[in-house]
Amino acid sequence: SACAADKFNALGQSKDCIGVHGSAAINVTATKIVQASMGGGEQMIYSYLSTVSGNYKIFIAVSGVPLPTSPWTARVHAGFVSARKCTADGKGAKEATAGDLATFAIQARDQFSNVLTRGGFSFFVLVQDARALRRQTCTDAGTGLYDCTYMTTIAGSLTLSISSSNAHILGSPF
């Protein structure tokens with residue numbers, strides 16, 4: 001929660017406040033700006049920062065009285081893809097059997113590790129065994145998940161590298 005203050009950080013006589021409540025902690029700031037208008041009214045500008053996607057309720061009170069239309073619901077969406085926060089999961093991210101198809105999935109995430117629920121991102125997957133280095137493709141499910149497959153033909157160690165925008169995903173290379 002935050003209450004509006006003027007440029008001298010004084011609250012004055014009123015208790016003009018905002019509260020934002022949701023599934024995670026949020027930073028709320030308030031600034032009171034005097035608006036030069038015919039009516040001579042005041043305008044309060046509030047901002048909030050959430051690093052967790054989800055639904056939030058915004059409560060606003062002027063002079064201690066909640067606005068009749070308060071609260072409002074705000075939906076905070078995940079941000080842009082951040083390779084360093086994306087994850088790979090599935091047996092094929094850890095091991096493979098020579099001659100069998102290995103599978104794993106990449107989960108796209110933003111810089112705060114929020115799961116992205118849309119597709120359209122590019123991931124670069126390389127598999128290197130003792131014989132060859134091969135680029136693999138992944139299928140974009142359109143949901144933030146990417147289904148990936150590869151096959152190695154020889155037993156032994158291999159390296160699986162996954163990147164996006166020239167940065168490895170979390171844990172890569174495997």
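The values are calculated or read from the model by the stated rules, or taken from the named source; none is laboratory data. Every value quoted in this text rests on a predicted model; they were computed, and no experiment measured them. Using ideal geometry, Cβ is built from the backbone for each residue, glycine included, and neighbour counts are taken over all protein chains shown. Note: areas computed on protein heavy atoms with side chains; ligands, DNA, RNA excluded. Shrake-Rupley method; radii C 1.70, N 1.55, O 1.52, S 1.80 Å.
Table for the structure above
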read-out: Segment 52-130 - Debye-derived log10 I(q)/I(0), Cα point model, q = 0.13, 0.17 Å⁻¹; value: -0.61, -0.80
read-out: Surface accessible to a 1.4 Å probe, Ser172 within the full protein complex, Å²; value: 20 Å²
read-out: Near-label residues of segment 123-153 by backbone N, under 16 Å of a point 7 Å along Cα→Cβ of His168; value: 124-129
read-out: Descending Cα extents along the principal axes, segment 38-174, whole Å; value: 78, 22, 20
read-out: Relative contact order computed over segment 47-130 (Cα-Cα under 8 Å; 6+ residues apart), in percent; value: 25 percent
read-out: Sparse-neighbourhood loop sites, trypsin sites (Lys or Arg not before Pro) in segment 84-133 - DSSP loop, at most 13 other Cβ within 10 angstrom; value: Lys94, Arg118, Arg131
read-out: Under Karplus coefficients 6.51, -1.76 and 1.60, residue-wise ³J(HN,Hα) of segment 158-174 in Hz, glycine/proline x; value: 9, 10, 10, 10, 10, 9, 8, 6, 6, 10, 5, 6, 4, x, 7, x, 9
